[in-house]
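Read-outs throughout are calculated quantities, based only on the coordinates presented, and are distinct from any laboratory measurement. Everything numeric here is computed off the predicted structure, so don't read it as measured data. All Cβ positions, glycine included, derive from the backbone under ideal geometry; neighbour counts span all protein chains shown.
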Amino acid sequence: MSFGVSYPSPLHWPPYNEFRIFRPLYDFNTTMASSNPKESTRRPHKKSRYGCKSCKTRRLKCDEIKPTCAYCLRHSIQCEYLLLPLNNHALQALPTKKLPLPTTATVTRRNAHFSRPVPRNPISFYFPTSISATVSGTNEALEFRLFQHFINITDVPQLFSACNISLWIIQLACRHRSVMEALLGVSAFHLRSSFPSSSSAFPTSTIPESKSEREVIKASHHYMGIAIATHRKLIIEEGVTEKTADAVLGSCLFITYHAAGSQKFLNQARNSALFSSSNIERHRETCRVPLHWFVPMKSLKDMINLAATYVQNEGMRTLLEWEEANFRVILQNETSPDPDNDYSTTFNFLLDDLPTDALDYKIYALCTKYLNILGGGEITKFILKFPALVPPRFVELLREKDMRMMGIVGYFLMLVRRADHEKHLWWMAGAVENDWEGMKYAYESDEVWNKRMEWARREIEGGEFIDFEIGEALARG
């Protein structure tokens with residue numbers, strides 16, 4: 001049925017590109033599509049991924065302003081953030097920075113086996129929900145928050161400088177629940193310092209008003225307590241083997257961090273008005289010596305030496321060997337003096353007025369020599385190895401509150417503060433100031449040592465960084 005209209009036969013149709021019966025319709029649609037701005041472009045929209053609990057509960061877009069978002073501020077309600085935004089820089093590869101050695105001659109003597117570059121394998125961060133299946137929903141949310149917080153704060157080179165140990169230990173925590181417990185405990189301890197009542201070197205001892213702060217404090221003790229118990233049980237029952245070395249070493253590192261950094265929450269600053277300046281012996285008896293630096297660090301060094309040969313990760317094993325080899329080279333002149341290594345004698349003022357035939361002279365001289373070696377130039381980063389080097393007699397004298405040994409420890413704390421300024425040691429915020437506070441009244445009560453500790457006092461209390469020659473002159477009065 002043609003309705004009076006004649007159509008050409010399909011056999012006589014022109015080619016498709018010449019057949020224009022649908023062309024106007026096509027051009028019309030194309031023109032309309034390109035002229036409609038709503039269809040060609042989309043309005044930019046930023047999703048709220050890390051909003052507060054209140055906004056998420058009400059399904060509102062949170063502006064993520066810290067510490068209180070606009071919605072919570074407008075309605076006068078408590079604003080709590082569950083998730084913290086990831087720091088993208090933490091996932092970037094770290095610079096291939098090697099440990100500096102004192103002289104070129106020293107570098108040539110290093111074993112070629114330890115000069116190989118440390119391989120870096122790509123690493124992904126994921127929270128091991130499978131190992132936390134028995135944890136309640138509320139605790140699991142807190143654990144994820146603490147895990148994410150730890151990733152954020154470790155975006156700096158730590159104790160080891162050839163590669164970031166945090167990359168290895170985070171991956172280790174994702175495989176071993178015991179290491180994860182220790183990680184969460186340290187993360188909660190650090191997160192606690194972000195609250196106003198705990199941010200100073202001398203936090204208050206009152207119960208915090210904030211519910212979030214109380215939860216973080218409880219989590220810090222809870223997870224670290226479990227980690228210590230698990231760590232102890234693992235060593236007693238299985239020892240340090242190829243199967244357990246990674247978990248044992250990882251937990252040991254975290255426990256050491258926690259022991260060194262958490263002292264400011266255990267010790268309160270003293271009120272100097274309560275003590276008479278004339279009672280020197282009372283000042284010495286009531287002072288607080290930082291033994292926590294020396295016993296845990298000594299144990300950590302022994303554990304590293306024991307577990308290093310069993311560590312499964314080849315890069316980490318090479319790193320531990322490389323660190324130990326370099327450190328031995330730095331200390332080589334202790335047994336065989338090298339004329340090429342001209343170490344300073346800056347801290348020899350700590351031996352002033354001490355006869356060479358005095359009791360324990362060799363102990364004082366050895367510890368002072370370590371300060372001279374580790375306190376110079378770029379080697380200052382090795383100062384954290386000082387507690388592991390001192391002999392057992394050092395700890396005994398410090399426990400007896402020997403004034404000269406306390407003076408050596410005071411300058412050790414000064415050098416630790418310098419290393420913290422350079423390396424940003426997140427786990428020891430406020431620790432140096434708190435430990436110094438525990439001993440400074442004993443220094444002030446002794447006229448000789450009050451002058452001798454002036455250099456350390458200016459750096460730790462005043463925040464200065466004084467040239468070594470000027471500092472030595474200050475100490476000698």
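Annotations
- The Cβ shell under 12 Å around L253 holds other residues with a net charge of 0, Lys and Arg each +1, Asp and Glu each -1.
- Vicinal HN-Hα couplings computed from phi for segment 242-247 (Karplus, 6.51 cos²θ - 1.76 cosθ + 1.60; Hz; Gly/Pro x): 4, 6, 10, 4, 4, 5
- For A388, net neighbour charge (Lys/Arg +1, Asp/Glu -1) across residues whose Cβ lies under 10 Å away: +2
- Each peptide among 233-245, 183-195, 386-398 gets the average number of other Cβ atoms lying within 10 Å of its residues, and from highest to lowest they stand as 183-195, 386-398, 233-245.
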